[in-house]
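One structure is given below, encoded as structure tokens.
Read-outs throughout are calculated quantities, based only on the coordinates presented, and are distinct from any laboratory measurement. The model shown is predicted, which means the values in this text are computed figures rather than measured ones. FYI the Cβ positions are ideal-geometry reconstructions off the backbone, even for glycines, and counts take in every protein chain you see.
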Amino acid sequence: MQRPAAAAVPSNRVLSNIRERIIVALDVPSAVSAREIVDQLGDAAGAFKVGMQLFTSAGPVFVWELIGRGIKVFLDLKFHDIPNTVAAAGVEAAKMGVWMFNVHAAGGHEMMHRTVDSVVEFCESTSNRKPVILGVTVLTSSKEQTLIQTGVTAAVEDQVSRLARLSFDAGLDGVVASPREVGIVRKAVEDQAFLTVTPGIRNSGATSDDQRRVTTIGEAFAGGSDFVVIGRPIIGAVDRRVALEKLVEEARQQG
Ligand code: C5P
């Protein structure tokens, strides 16, 4: 089977600017709170992530607002449904003009492949820019026990490897995985253009909250992450701009 359309962003080899590689998670309950964070951080971050909490509360109107301001949006709704439904949702995401969106790789090959096909077809017929489409491997909050509860007896690493390969074969541009598992993804998919986007970033010595498979930002980039997603370490800080600048500095020093 032929792989549809290549990734819409360059790999980390050309992404020399650390800021471009930082995606701030707008994990807040309203457009008002999210707007405040975006205004505080401005272009100090590369992109902003709108996840299910904010999207459920503020909807596409807020996404349009961000895109209208020239902001790159990662729509993190982790679609997982029958192929037809996910493909249709993917087209709506492309219509909105998001830079990146994701689906659960556990939804299987057909679900992912049909989504890529439909999005590519839509973008080609409308001259819209094709969003980067990512597969979520194993959530960074999950551990072996979490997989067992759902009937998956594979080790976390094996499951990440399997789902990364499946995402690549289905034509996706990359995966969301723990920064500790970038090596596993690179081994499963040799194509260096295949992106790894990694949440689960913590300041050295800080609490990991509900995240289990975490690293520092420096370790994530040194390990080969293309993009990092950071929520609480920035949005929960007293001075968010200072928190972001500290992370940029930390990445520079360890990189
Ligand atoms: O606050 P924290 O930095 O842990 O936020 C991580 C963000 O990344 C959250 O918005 C979470 O939904 C998201 N995420 C994740 N693990 C994945 C995919 C997305 O933690 N596998």
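Checking the a/c ratio against 1.5 first, then a/b against b/c, what shape does the Cα gyration tensor give for the stretch 212-255?
oblate
List the GluC sites (Glu not before Pro) within the stretch 170-236 that fall in a DSSP loop (any state other than H, G, I, E or B) and whose Cβ has at most 10 other Cβ atoms within 10 Å.
When the GluC sites (Glu not before Pro) of the stretch 170-236 are filtered for loop state and at most 10 Cβ neighbours within 10 Å, Glu190 remain.
Taking N as the number of residues in the stretch 107-188, what value does Rg over Cα atoms divided by 2.2 N^0.38 Å take?
Dividing the Cα radius of gyration by 2.2 N^0.38 Å gives 1.22.
Compute a Gaussian network model of the chain, connecting alpha carbons closer than 10 Å, and tell me which residue from Ile234, Ile184, Ile23 fluctuates the most.
Checking each option, the largest mean-square fluctuation is seen for Ile184.
Given springs between every Cα pair under 10 Å in a Gaussian network model of the chain, which of Ile230, Ile148, Ile71 has the largest fluctuation?
Among Ile230, Ile148, Ile71, the largest GNM mean-square fluctuation belongs to Ile148.
Springs between alpha-carbon atoms under 10 Å, Gaussian network over the chain: tell me which of Arg69, Arg232, Arg186 tops the mean-square fluctuations.
Arg69
Trypsin sites (Lys or Arg not before Pro), restricted to the stretch 80-134: which are DSSP loop and have at most 13 other Cβ atoms within 10 Å?
Arg129
Roughly speaking, what is the stretch gain from Ser141 to Asp239, that is 0.36 nm per residue apart minus the C-alpha to C-alpha distance, in nm to one decimal?
Computed gain between Ser141 and Asp239 is 32.7 nm.
How would the stretch 23-94 be classified by its alpha-carbon gyration tensor: rounded, prolate or oblate, with rounded meaning a/c under 1.5 and the a/b versus b/c comparison settling the rest?
Cα axes put the stretch 23-94 in the prolate bin.
How long are the semi-axes of the equivalent ellipsoid of the chain, taking √(5λ) for every eigenvalue λ of the Cα gyration tensor, in whole Å from largest down?
With the √(5λ) rule applied to the chain, the semi-axes are 25, 23, 17 Å.
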